[in-house]
Every structure is written in structure tokens, then in C-alpha cells.
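What follows is one structure encoded as C-alpha cells, with my remarks underneath.
Readers should treat all values here as calculations from the given coordinates under stated rules, not as data from a laboratory. Here the structure is a predicted model, which is why all the values come from computation and not from measurement. We place every Cβ from the backbone using ideal geometry, glycine too, and count neighbours over all the protein chains shown.
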Amino acid sequence: MTTTLNHTHDASVRSWVPTAQAEGCDFPIQNLPMAVFHRTGSREPYRGGIAIGDQVLDLAALASSRQLDGAALDGARACAQSALNDFFALGPRVWRALRHGVFALLEDDAPTEVADAVRACLIPLAEAEFALPARIGDYTDFYTSIDHALNVGRLWKPDDPITPNFQWIPIAYHGRASTIGVSGQRFHRPMGQTMAPGARAPAYGPCARLDYELELGIWIGQGNAAGKQIPLARAEDHIFGLCLLNDWSARDIQFWEMAPLGPFLAKNFATTVSPWIVTLEALAPYRLPWTRPADHPQPLAYLEDEGNRAHGALDIQLEVWLESAKARTAGNAPSRLSSTSFRHQYWSIAQMVAHHTVGGCSLQTGDLFGSGTISGPGPGEAGAIIELTRAGQSPIALADGETRAFLEDGDAVLLRGWCEKPGHARIGFGESRGTVLPALG
Ligand code: MN
């Protein structure tokens, strides 16, 4: 597991890029997240980049700049493409070499001629637009927050809110990769079948209960051969990093269609990810022990590991914001709907990987997992609007006086995430933003 701290986590190190030290900046030198970008509106090829302050370090340009060598150069060259799959496939040794190589180039004690050469590879973030960071073969969405499962379950079965398998299995369904989009995604409210309470037949029409789900995306770096399980102790070697993920959900369609085989049209119309992937190495300082209350079932042996117990959890702060069309037009700020931490998740990211492969499933480079909706135990910590409004019964107030039971046309949902800890840098995930357009009918 990538949990050992090294000089790239030293909070006292500064970059010669001045904005990397700005208060509240998501991208100090201790972060170095990766994305695929080009200049907005240009015909330039998309290629890999690393965020530093308010700039993107162009890895295609850097690979040609003679500033890197060895495995770091191999890594940068693999990033000079429109998707990071080849880089993911090189594995943890090269991922680490590129991080450490770029860290040395961006440190404020780098020689002037080095800084000058690297400065020529920087492009302002404000001038960049993003593509999906990798070609996604398969997408799996988990269901691993017990508070989310309890909040939703209590709406329908107050006495028996969670299914018996929840505490034994990291539950998931196989989702749809073709409609995953990068932040900025706009999609039409889905059409589908819904069954009103007491009705004798379903109706066809636009979704009336459109929701978001606050999740983390887990990018698979190196896969495994079919039939060859990934043991829990090695699971994180297969994860390149994490992003923000919004699993848009049509609740009325979902509750009619999902018995007995799970979500289908309710989830397959759009999923939005943040462009930036924060590496597991960058996340090392924000690890926490993974725990399971003593009066809960303890994991079966293949989901149990000393390392997972010691540092399997991650303290990632997360927020959901809603920007209505009215607020946007008026120039008003978005409203914060909830905030929580990933530390409360019932299953760890390593357990998700190990469980996914235990039956013989092959993961491939560029596969994406959703963590499942992330809800914490307290009020205001729910990661979906269905929980916050109790299925629409208690609409929530937005900052400018509007209310929401579910999402309306024109609403944009923004996810934000960051880590902070005394003695360590604050590192952020940037933003995932997606906008609801009217149904096409
Ligand atoms: Mn989900």
C-alpha cells in the first residue's frame, strides 16, 4: 500500500510557481494530480498534465524538454497522449518516479535554468479544457456507505432498513461506461417508466425525481488476469488514484425498474467525474485506520488484512453545492447542500478491489469504480437529495429562497473535495460540475 511518507509530502516545501502556496489552493506541490487537457477551443491534441497552483504542466512538452530521465521520462512520454491508459499500465514504480521527478523540477530550490525550461511547459488552468483522463473499459458502482443505506432504507422499511448482505459484501452493480463525462457535462433529464403509488400501470415521461450521488471515482491502474484474484494486501497497488464522481440517479425510474436485477435506465444516462485524479501517493498523509464496530459482523478472511486495518480509510472532506439557473443568472453563489468525509465509508477502496476480483473477474487498465454514495452519520452529511429531503417530503431551502425536493432543469451540481491535516499541506480534487437540461421528450 502507498502509505509511507516521503519528502514529497513535506508541507514546508514550496514551489517557484507562486500560486501553489495560495491560501485554499487545491494544487500545492504536495498534490500533483493528473488530468488530460488542451487549450480551450483549440485544435491542439489532448495530452496529460499535472496541476500546480493555477497552472497545468504540459507533460507532452515536458517529455521533450530534457528535464527528466529514467522512469520519470518513461512516464511523461506515456502521458503525451489523449488518454492516460498507457501511463496507468506502467504501474506504481513509474507513477512514483514521475511524481518525484516533477516534484524536483517544481521545488523552489530547483536551479534557475531548470525552472525556466519547465516554466515554458506551463499553461494557465484558466485557458485549459479537459477530456476524460482515460479510456474507460468497464465501470462498476459500489454501495458502501452504511449511513446512505440506512437513510434510504428507512424511507421504505423503517424497521429493517438494510439488507442482510450489506455488512458482509461490498455491494455493487455493473454500470455504463459510455455516458461517463468529465466536469462540465450537460445532459438531458431522462425519460422512462415510472409507477406512481397506487397506480395500476406505469407511465412514460420525464423523470420527476432526479437526484445526484456524491461519490469518489477509483481509477484502476494495472489490472489482473481472469481467474487471478487480487489479494486485499496488494489491492491498492492496482489503484492509480481517486477523483470526484457524481452518479446522477432518476429515483422514480429506479424504484420501478430495479427489482430484481438492479439499476438500469435510472443510472445509465450520465455520470460526471472531475478531470483531476489525485494519486494514492499524494493521499498518504490523510490515511486513517479502517474500523468496524465490535457489535457488527467482522469481514470474512479475504476482506481482512492488517494493512487495511492500520490505514485502509481516507479522510477526504467532501461537499455538494447546487447552483440553480436563477442563481446563475443573478450572479449569486451556489448553495451548499451537504458536507461529510469519506472516512465513514463502511468498506475501504482496497476491499472493493479485492472483492471485485475474488470470483475471477479481470480488471483492466482504465476501469473506473464509483465508491457508492458517501453519506456521513450526522445531519447535513447525506450525499444525495433523496436523503436530505426524505424522498421529497421535506424540501430544502437554497440560499436565495428557492426550494428543492429533487433537481430541476437548469440546476448545476458541484462536488468538491480536499484533505487537510495539521502538519500537512491542504490538497484538493478541484471540482466536478454537471448541469441538468430539459428532457428531450
Ligand atoms: Mn451510486
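Assorted remarks:
- Net charge of Cβ neighbours under 10 Å - reference LEU415; Lys, Arg +1; Asp, Glu -1: -2
- Aspartates and glutamates whose Cα lies under 19 Å from that of LYS157, excluding same-chain neighbours fewer than 8 positions away: ASP147, ASP252, GLU257, GLU387
- Angle between the chain longest axis and helix 92-106 axis [Cα atoms, degrees, rounded to 10]: 60
- Sum of side-chain charges, LEU90 neighbourhood, beta-carbon under 13 Å (Lys, Arg +1; Asp, Glu -1): +1
- Fewest neighbouring Cβ atoms within 10 Å first, the residues LEU125, LEU245 line up as LEU125, LEU245.
- In this structure the amide hydrogen of GLN81, modeled in the peptide plane, comes within under 5 Å of the amide hydrogens of GLY48, none closer than 5 places in sequence on its chain.
- Loop-located trypsin sites (Lys or Arg not before Pro) across segment 22-60 with a Cβ neighbour count of 12 or fewer within 10 Å are ARG43, with loop assigned by DSSP.
- J(HN,Hα) series, segment 54-69, from Karplus relation 6.51 cos²θ - 1.76 cosθ + 1.60, nearest Hz, glycine and proline x: 9, 10, 10, 8, 6, 6, 5, 5, 5, 5, 8, 8, 6, 9, 10, 8
- Distance between the modelled labels on ASP237 and GLN298, one decimal in nanometres: 2.6 nm (7 Å Cα→Cβ projection).
- Ranked ILE162, ILE136, criterion: other C-beta atoms within 10 Å, fewest first: ILE162, ILE136
- Environment charge at SER338 (Cβ cut-off 9 Å; Lys +1, Arg +1, Asp -1, Glu -1): -2
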